[in-house]
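Everything below concerns the one structure shown next.
The values are calculated or read from the model by the stated rules, or taken from the named source; none is laboratory data. None of the values given here were measured: they were computed from a predicted structure. Using ideal geometry, Cβ is built from the backbone for each residue, glycine included, and neighbour counts are taken over all protein chains shown. The area values use the complete protein model at the heavy-atom level, side chains included, leaving out ligands, DNA and RNA. Shrake-Rupley method; radii C 1.70, N 1.55, O 1.52, S 1.80 Å.
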Amino acid sequence: EFPWQREEPDPARDRLCTSSRGSTQLECSIEGADFTPRPAPPKNEIVICAYNVERGLRMDDQLNAFSSDAGVPVPDVLLISEADRGCSRTGKRNVARDYARALGMYYVYGVEFIELPRFWGPGGSVLRRCEHGNAIVSRFPLGNVRLIRHQRARSWDSTAQRVLRVGQPRFGGRVALTADIRIGERMLRVYSVHFESGHRGSGPNGPD
């Protein structure tokens, strides 16, 4: 089982990434905590939701959708992508942790990108460096947690963007966060991924 962290981190100060090896490869710890009020009984059928929360810009509205009469079931497992951690654009919140706390679940979080300062760009301005990544939120215990960082990744680092502080300058690249979920005596392995599509070249039948 993941070694759940009892201390409350300051996401704007306590960084998970200590260094970067080039613009796409980061060295980062995985964060996780247990907010479950009591052990969840095993189930034969579970609800899994893969959710791009778009940095957490509307996290309160998203959480309200799970707790209202909007017909959105509260998932047993939530695979989150694009979650901010300590970013000014989302109030320096730890989005994945706040999700888990509000839903009373376990969570683990891995960094995909270190966001660099910019005045404007997709998702809004960033005043100071912060972290952005994937999470797994579950009502059942998590273990064998691993962050798989893609060896070949698009570089988002641009000198022009960093100097002018525009666009979307960042260190890092796409990742997959994986964990085993213990449901009674059974195990379920899940992956939280954040893929993107784009033009990468042209083959005989058109763009790859």
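Out of region 162-179, which residues are touching a residue at least 60 places away in the same chain (Cβ under 8 Å) and not charged (D, E, K, R)?
Initially, region 162-179 is screened for residues touching a residue at least 60 places away in the same chain (Cβ under 8 Å), giving 171-175, 177, 179.
Across region 162-179, the qualifying residues are Phe171, Gly172, Gly173, Val175, Leu177, Ala179.
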Q | Among the residues listed as Glu112, Glu31, Glu54, Glu82, the single one being in contact with a Phe, Trp or Tyr (Cβ under 7 Å, 6 or more places away or on another chain) and either at pLDDT 95 or above or surrounded by 14 or more Cβ atoms within 10 Å (Cβ to Cβ) (or both) | A | Glu31
Q | Options Ala102, Ala65; residue that is of a type in the set (A, V, I, L, M, F, W, C) and under 17 Å from the mean Cα position of the chain (by Cα) | A | Ala102
(Q) Residue pairs, Cβ under 9 Å, 6 or more apart or interchain, first in region 39-68 and free of Cβ contacts under 8 Å to residues at least 40 places away in the same chain and of a type in the set (Val, Ile, Thr), second part of a loop (DSSP other than H, G, I, E, B) and open to solvent by 30 Å² or more (accessible area, probe 1.4 Å). List them. (A) Val47/Pro73; Val47/Val74
(Q) I want to confirm something. Restricting to region 34-51 and keeping residues that are open to solvent by less than 60 Å² (accessible area, probe 1.4 Å) and closer than 18 Å to Val95 by Cβ, which single residue is modelled with the highest pLDDT? (A) Phe35
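Tally the residues that are surrounded by fewer than 17 Cβ atoms within 10 Å (Cβ to Cβ) and not small (Gly, Ala, Ser), restricting the search to region 127-156.
Number satisfying all stated conditions: 10.
Residues in region 74-86: is at least one more than 22 Å from Glu131 (Cβ to Cβ) and out of contact with any strand residue (DSSP E or B) (no Cβ under 8 Å at 6 or more places or on another chain)? I'd like the intermediate steps shown before the answer.
Filtering region 74-86 for residues more than 22 Å from Glu131 (Cβ to Cβ) gives 74-77.
Those left that are additionally out of contact with any strand residue (DSSP E or B) (no Cβ under 8 Å at 6 or more places or on another chain): 74.
Yes, that holds for at least one residue.
Take the residues of region 1-28 that are in contact with a Ser or Thr (Cβ under 6 Å, 6 or more places away or on another chain) and open to solvent by less than 50 Å² (accessible area, probe 1.4 Å): which is modelled with the highest pLDDT?
Filtering region 1-28 down to residues in contact with a Ser or Thr (Cβ under 6 Å, 6 or more places away or on another chain) leaves 16, 23-24, 26-27.
Add one more test, that the residue is open to solvent by less than 50 Å² (accessible area, probe 1.4 Å), and what stays is 16, 23-24, 26.
Working: Leu16: 97, Ser23: 77, Thr24: 80, Leu26: 90.
Top of the filtered list is Leu16.
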Q. Does Gly133 satisfy the criteria of being in contact with a helix residue (DSSP H, G or I) (Cβ under 9 Å, 6 or more places away or on another chain) and either at pLDDT below 95 or under 29 Å from Ile48 (Cβ atoms) (or both)?
A. yes
